[in-house]
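Here is the structure we will look at, set down as structure tokens.
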Amino acid sequence: MDFHHITVLLDETIEQMQIDPSKVYLDGTLGGGGHASAIAAKLTTGRLIGLDRDEKALTAARERLAPWMDRVTLLHRNFRELDNALDGLGLEAVDGMVFDLGVSSPQLDDGARGFSYRTDAPLDMRMDATQRLTAWELVNRWPREQLKRIFYDYGEERYAPQIAAAIEKRRESAPIETTLELVDVIKSAMPPQALREKQHPAKRSFQAIRIAVNDELGALDTLMGMAVDRLDPGGRLAVITFHSLEDRIVKSALQEAARGCVCPPEFPVCVCGRKPKVRLITRKPILPGTRELEANPRARSAKLRVAERL
């Protein structure tokens, strides 16, 4: 299908990045190339490096970035491989990075990929089709306690025990093969009042499975442990999150990088020697405006946080 994705917080992100036409920038989540094309269009002698784990996204981005490919390098990489990607290009650091996290609209809307709880498809949910773990493997082979944990931790699903038990019971007779089969199992485990809520009853569970299949939070934690150190002084890191679990990791990592001395208050002088690595540009996250939300309701949970390397 056509990989058309509406870029979230585009103007705000580009404004915060403070693009210098002669410098080097990295987009670690290319998607359809929205942020990347806005950055590339501003470059003259500078360079843009684009990463994505989804080969379909890379193909779409390559087409969208065609007018600027003389200043663009695209790599099929998970952003958790940031260090290796930059090392492979002979770069110690770059002058700015942007990461737009979560699943993109084309991935959600392509029924065949198994991300959606509204379309019947094989249980897949892989952002990178070359990886081995699929949603089928997770749903049919992970122990009930492990399923319960991911539903609690990644989906914040209050009916996690019941849903995990229902999955275990159903797969005893035959594997759960498709997304709508899984939706039926999830619904069967929930009380009537939960099925009447505005939010689709399978939304939280599908989010949890997707996060686990793609190790999204593990990848983000790894990224936030290395990104600041790969920025040149004055370089900015912009991260867009879409749910509280992601935002918590990003907020915590940036606050930690912004901390200076950690000596006890009673010490007359600093002996730890710790200096802050970044300055927080956004004490509170930047949120989409009314006009953007009207045009793209999926942007409603987006939060942009920005920090600058000292």
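The values are calculated or read from the model by the stated rules, or taken from the named source; none is laboratory data. Being a predicted model, the structure only gives us computed values, none of them experimental. With ideal geometry, Cβ positions are generated from the backbone for all residues, glycine too; neighbour counts draw on all protein chains shown. For the accessible areas, the whole protein counts, side chains as well, though only heavy atoms, and no ligand, DNA or RNA atoms are used. Shrake-Rupley method; radii C 1.70, N 1.55, O 1.52, S 1.80 Å.
Tabulated data
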| item | result |
| --- | --- |
| Odd one out for Asp27, checked against (1) in contact with a helix residue (DSSP H, G or I) (Cβ under 7 Å, 6 or more places away or on another chain); (2) open to solvent by 60 Å² or more (accessible area, probe 1.4 Å); (3) within 17 Å of Asp232 (Cα to Cα) | (2) |
| Only listed residue being more than 30 Å from Pro233 (Cβ to Cβ), among the acidic types (Asp, Glu) and under 18 Å from the mean Cα position of the chain (by Cα), chosen from Asp54, Asp100, Asp83 | Asp54 |
| Candidate set from the range 166-195 (those that are open to solvent by 10 Å² or more (accessible area, probe 1.4 Å) and among the hydroxyl-bearing types (Ser, Thr, Tyr)); member that is nearest to Arg149 (Cα to Cα) | Ser188 |
| Test: residue in the range 226-233 that is surrounded by 15 or more Cβ atoms within 10 Å (Cβ to Cβ), in a helix (DSSP H, G or I) and modelled with pLDDT of 95 or more | yes |
| Flag for Lys198 being assigned to a loop (DSSP other than H, G, I, E, B) and open to solvent by 10 Å² or more (accessible area, probe 1.4 Å) | yes |
| Test: residue in the range 240-249 that is in contact with a Ser or Thr (Cβ under 7 Å, 6 or more places away or on another chain) and among the acidic types (Asp, Glu) | yes |
| Candidates Pro276, Pro268, Pro264 - the one that is modelled with pLDDT of 95 or more and either among the basic types (Lys, Arg) or part of a loop (DSSP other than H, G, I, E, B) (or both) | Pro276 |
| Cβ-Cβ under 6 Å pairs, at least 6 apart or on other chains, the range 291-310 side buried (at least 19 other Cβ atoms within 10 Å of the Cβ), far side polar (S, T, N, Q) | Lys303/Thr241; Arg305/Thr282; Val306/Gln16; Val306/Thr282 |
| Enumeration of residues in the range 153-207 that are in contact with a Gly (Cβ under 9 Å, 6 or more places away or on another chain) and among the small types (Gly, Ala, Ser) | Ser205 |
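Rundown of residues vs (1) at pLDDT below 95; (2) of a type outside the set (A, V, I, L, M, F, W, C); (3) touching a strand residue (DSSP E or B) at 6+ places or on another chain (Cβ under 9 Å), yes/no style:
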| site | (1), (2), (3) |
| --- | --- |
| Glu172 | no, yes, no |
| Ile176 | no, no, no |
| Ala202 | no, no, no |
| Asp221 | no, yes, no |
| Ala238 | no, no, yes |
